Amino acid sequence: MLSQKRTHIFSWFVIFLTVFITSCRVDEPTPDIDTIDKQFNPDYVFDINSLPTITLTITENEWNKFLSKIDDDINTRSYIHADLLFEKEEQKFERKDVGFRLRGNHSRIRPEGTFGERHNSLNPQWHPSNFGICFTKYDKDNPFFGCDRIILKSFRYDYMYCREVFCYDLFRRFGVWSAPRASYCRLFIKVKGDSKPAYFGLYTMIEGIRDEYLQDRFQCGYLPTPNGNLWKITPTTQSANIANAQYPEFIGLDDEESTYIYTLKNNKESFENAKNELMDFASTLYSMNTRSDELKTWLNQHIDIDLFLRYLAVDVIVGSWDDYWFNGNNYYFYLDGNQKFYMIPYDYDNTLGRSSIIDSGTRDVMNWGRGYPMLVLRIFLFPEYVELYKKYLHELANSNYLFAFEGSQNRIRKFHNLISGYIENDIVDGEGLSDEIKDETIYSEPGYYKLLSGDSVTNFFLAKIKSVNGQ
């Protein structure tokens, strides 16, 4: 909580934010100072023009418990207890007892030392892990600025320190309101008893997709209800193309041992109803395979087509291959109770030229995937939707507010101006986290793409815009 010494100074700040923060919650009264972090819009946290600091303080016992759980199972989703300090400009907000855990799929890495080691307070070896913070893990009625959770992603293998921030910002610029908010932060972790906190460096801070996310989109008028069913794709050997969601063996509850393709993230007490709704949606979509008026009517009733095509256009133009269309991966979706489907983009570190599977700069934007997954196949049966997708691609490619080279270049330089003084960190060298900004794309094929330099072949933006305008 804010200290009493800051109460007077902070009073003007409350009034200023209440009047001027861009938010759809304009009718809410000015909150009491003691509850300010529970009432304000998440835009305060995810401010792309600022660089807040997050410090997590964890007891040595909890930290060693954390390391042991990771050694037992690198894919563990178990939480430990932590205290959080969020500092933005001159303001400080404390939150006691938040949930803290490791995150990621193939990117998981032990945050300290090697297998079996406990915390080393004298000579710790820190690693670039991804983390999750859940504000409501131990107190379900205690969100933080309208957020119930935050995802913290390292810039491991992104020497340009910009990919996810750029992509999520582009989604929201282009009206993909379902995209989570994202911005930068500096992350410190303090193990109690150590002389100083460890600086883990710069992180992408991403809005968690759970109840508060749904409540925010509902209050903003995008969703008819926040009480529908939220689903996440679990990476498996099976492609999550929606067609196979008609089979019950692929659908399950979200839990520690889950290997289902489609996992329910909310309304778990009504799982059977949620599963039946999803199966019915998928089987109906699968069975309607003609260009009939009936199919078109059904699509308009049960899919937010404009949102989906905007999502698809941004997804393809940033070169996201580990996605719905190409890899059947990395997305959430929401069914609103009336079987209306809303696509939610997720996980954009493998973008802007980073790919070892395809040349994401030159690949045909009309044949992006290995094939046509169910949603794309059905929607693209109708020429007007194909043309709308093409229109959106061209809008993105030729607008400096969106993806055009000059505008994108200026935006990335602005990001770099914000973060360049804070890149050096306490992470062990040689683990994919650069101590300086480099215009390089690593662990990719082709490996020559740049973002600020290069020509129409080697600059990703120029290559991609050329590919789009060739359609």
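Tabulated results
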| quantity | calculated |
| --- | --- |
| FRET efficiency, 1/(1 + (r/R0)^6) with R0 25 Å, evaluated for Leu452 and Ile358 via beta carbons | 0.65 |
| Cβ crowding within 10 Å averaged over residues, with 306-314, 382-390 ranked highest first | 306-314, 382-390 |
| For the range 198-342: rounded, prolate or oblate by the Cα gyration tensor [a/c cutoff 1.5] | rounded |
| Two-site label geometry, Ser68 and Tyr138: point separation in nm, points 7 Å out along Cα→Cβ | 1.8 nm |
| Out-of-range pairs (alpha-carbon distance over 25 Å; input Lys414/Lys438; Lys96/Lys192; Lys340/Lys464; Lys69/Lys137; Lys92/Lys232; Lys69/Lys438) | Lys340/Lys464; Lys92/Lys232; Lys69/Lys438 |
| Solvent-accessible area, 1.4 Å probe, carbon plus sulfur percent, for the chain | 47 percent |
| Between 0 and 90°, nearest 10: helix 60-72 axis offset from the chain longest Cα axis | 40 degrees |
| Net lengthening on full extension, Lys391/Glu90 (0.36 nm per residue, minus Cα-Cα) | 103.9 nm |
| Separation of the Asn273 and Tyr247 label points, Cα + 7 Å toward Cβ, nm | 2.8 nm |
| Charged-residue dipole, Cβ positions (Lys, Arg, Asp, Glu), the range 179-330 about Cα centre, Debye nearest 20 | 680 debye |
| Accessible area (Å², per residue) of the range 212-328, counting only protein heavy atoms and a probe of 1.4 Å | 40 Å² |
| In Hz, Karplus ³J(HN,Hα) per residue of the range 241-252 (6.51, -1.76, 1.60; θ = phi - 60°; x = Gly, Pro) | 9, 6, 4, 7, 6, 7, 10, x, 5, 9, 10, x |
| 20 Å cut-off, amide nitrogen to a point 7 angstrom out along Arg413 Cα→Cβ, residues in the range 132-175 | 159-163, 165-167, 170 |
| In Å², nearest 10: area of Ser68 left accessible to a 1.4 Å probe | 60 Å² |
| Shape box of the range 371-471 [Cα atoms, principal axes, largest first, Å] | 53, 29, 24 |
| Between helix 7-20 and the chain: long-axis angle, C-alpha atoms, 0 to 90°, nearest 10 | 10 degrees |
| With Cα atoms, 0 to 90° folded angle of helix 460-469 axis to the chain main axis | 20 degrees |
| Diffusion constant of the range 119-257 at 37 °C, which comes from Stokes-Einstein with the Kirkwood Cα-pair radius and 0.692 mPa s, µm²/s | 183 µm²/s |
| Overall form of the range 60-148 per C-alpha gyration tensor (a/c, 1.5; a/b vs b/c) | prolate |
| Loop sites in the range 189-278: GluC sites (Glu not before Pro), DSSP, at most 13 other Cβ within 10 Å | Glu256, Glu257 |
| Per-q log10 I(q)/I(0), the chain, q = 0.06, 0.11, 0.12 Å⁻¹ (Debye; single scatterer per alpha-carbon; no solvent) | -0.27, -0.95, -1.14 |
| Per residue accessible area in Å² of the range 345-467, where ligands, DNA and RNA are left out and the probe is 1.4 Å | 44 Å² |
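The values are calculated or read from the model by the stated rules, or taken from the named source; none is laboratory data. Being a predicted model, the structure only gives us computed values, none of them experimental. Reconstructed Cβ throughout: ideal geometry from the backbone, glycine too, with neighbour counts over all protein chains shown. Calculation scope for accessible area: heavy atoms of the full protein, side chains included, ligands and nucleic acids excluded. Shrake-Rupley method; radii C 1.70, N 1.55, O 1.52, S 1.80 Å.
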